Amino acid sequence: MATVAQIVDVMQQLAPVALAESWDNVGLLIGDRNATVKRALTCLTVTPEVVAEAIEHEASLLITHHPLPFDPVRSITADTTVGRMLLNVIRHGIAVYSAHTAFDSARAGINQHLAIGLGLQQITPLQPAADDPEVGAGRWGDTDAALTLSELAGRAKAFLGLKAVRIVGGADWPVSRVAVACGSGGSFLDAAGRVGCNGFVTGEASFHNCLSAAAAGVGAVLLGHFASERFAMESLADYLGDQLAGIEIRPSDRDADPFLVV
């Protein structure tokens, strides 16, 4: 078995907390660093269903992308969903660790893997860190062949195993330089334009972000917030399992996209 502290050390080597955005809440959020961990789950978001799974699985650590708690809390009571989840994980001795935007921006983080999965070349951070230009928020790179927006969307679907994505712009628009921002990435459109991108792949963007992209001739592929990040929670479980002996780590089975297409 490993200790919570040992797992935290591995996570911080992979995604140093210094890479997180200033507004974020990352690192060990709940738990005792000296506690031992025999079983752990990775998940995109801590939900009541994921907490129940962790309890049933007798997991003592949740490694989540989205923080719990995210916003400061003045009280922890069973009157709110967040309060009930916090009480449950504390009651059952379950630690919670979140890397969130640190993992988005890391050298081997979510955006890097998403850019590689799309077949981009010469991948570079959209907003490089001041002290290390190889890490930072978002990614951009050139395609390895001439593509249309529809073909770029097809690559994204194949990489993530999706049945459908949404696009902004004409299906036959040419794309040759593509920016990537997992999650809610509409705020990166200006940065993408500054480096000459004519393609943009993100989880979600606002209506007005999409109008701005189309007006600027930037074809966008909207994967869905969940789909743009969940794949990394699966590979993260494999990575941690390789790095840590004597601990069972797997992705949550109940971590689910709240959106359904009907």
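Only the coordinates and a few stated rules stand behind these numbers; no lab work does. Not measured: the values here are computed from a predicted model. Cβ placement follows ideal geometry from the backbone for every residue including glycine, while neighbour counts extend to all protein chains displayed.
How large is the charge dipole for the stretch 64-173, taken about the Cα centre, if only the Cβ atoms of Lys, Arg (+1) and Asp, Glu (-1) carry charge, to the nearest 20 debye?
560
Rank-order 31-38, 186-193 by packing density, defined as the average count of other C-beta atoms within 10 Å over each peptide's residues, highest first. Intermediate values should be presented prior to the final figure.
On the way: 31-38: 15.0, 186-193: 19.4.
Descending mean neighbour count gives 186-193, 31-38.
When DSSP assigns beta bridges and you keep just the ones with both residues in the stretch 2-103, what percent turn out antiparallel, to the nearest 5? List each step's numbers first, then the result.
Values: 5 of 13 bridges.
Around 40 percent antiparallel, to the nearest 5.
By the scheme Lys and Arg +1, Asp and Glu -1, what is the net charge of all other residues having a beta-carbon under 11 Å from that of GLY93? Before the final figure, lay out the partial values.
Numbers: positive: ARG91; negative: ASP32, GLU58.
Net charge around GLY93: -1.
To the nearest 0.05, what FRET efficiency results for LEU87 and GLU134 with a Förster distance of 35 Å applied to their C-beta separation? Walk me through the numbers on the way to the answer.
Details: r = 41 Å, r/R0 = 1.18.
Step by step, r from the Cβ atoms, then E = 0.25.
Within 10 Å, Cβ to Cβ, of ARG230, how many net charges do the neighbouring residues add up to if Lys/Arg are +1 and Asp/Glu are -1?
-4
Near the amide H of SER176, under 5 Å away, which other amide H atoms are found, from residues 5 or more places off or on another chain, if H is placed in the peptide plane?
ASN198, GLY199
Tell me, what HN-Hα J-couplings in whole Hz come from the Karplus equation 6.51 cos²θ - 1.76 cosθ + 1.60 at θ = phi - 60° for each residue of the stretch 118-126, using x for Gly and Pro?
Once rounded to whole Hz, the list reads 8, x, 6, 10, 6, 5, 9, x, 5.
Can you work out ³J(HN,Hα) from phi for every residue in the stretch 16-22, in order, using Karplus 6.51 cos²θ - 1.76 cosθ + 1.60 and θ = phi - 60°, giving whole Hz and x for Gly and Pro?
For the stretch 16-22, the Karplus-derived couplings read x, 5, 5, 7, 5, 5, 5 Hz, x marking Gly and Pro.
Counting DSSP beta bridges in the chain, what percent are antiparallel, to the nearest 5?
Details: 20 of 41 bridges.
Antiparallel: roughly 50 percent of the beta bridges in the chain.
Round to the nearest 0.05 the FRET efficiency obtained for ALA52 and GLU234 when R0 = 22 Å and r is the Cβ-Cβ distance. Write down the numbers at each step before the final one.
On the way: r = 20 Å, r/R0 = 0.91.
The calculated FRET efficiency here is 0.65.
Around ALA102, with a cut-off of 12 angstrom between Cβ atoms, what is the net charge of the other residues, counting Lys and Arg +1 and Asp and Glu -1?
Working: positive: ARG107; negative: GLU21, ASP24, ASP104.
Result for the neighbourhood of ALA102: -2.
Would you give the gap between the C-alpha center of the stretch 241-258 and the C-alpha center of the stretch 1-22, rounded to a whole Å?
Each part reduced to its Cα centre gives a spacing of 16 Å.
Label ALA214 and ALA18 with points 7 Å out from Cα along Cα→Cβ: what is the distance between them in nm?
4.4
Ranked from highest to lowest mean number of other Cβ atoms within 10 Å per residue, what is the order of the peptides 12-19, 120-127? Please list the in-between numbers first.
On the way: 12-19: 18.1, 120-127: 16.6.
Most protected by this proxy first, the peptides run 12-19, 120-127.
Kindly write out, for the stretch 251-260 in residue order, the coupling ³J(HN,Hα) from the Karplus curve 6.51 cos²θ - 1.76 cosθ + 1.60 (θ = phi - 60°), rounded to whole Hz, with x marking Gly and Pro.
The phi angles translate into x, 4, 7, 10, 6, 10, 5, x, 8, 10 Hz.
Quick check of the Kirkwood formula: for the stretch 108-262, what is the inverse mean of 1/r over all pairs of different Cα atoms, in Å?
After inverting the mean inverse Cα-Cα distance, the result is 16.0 Å.
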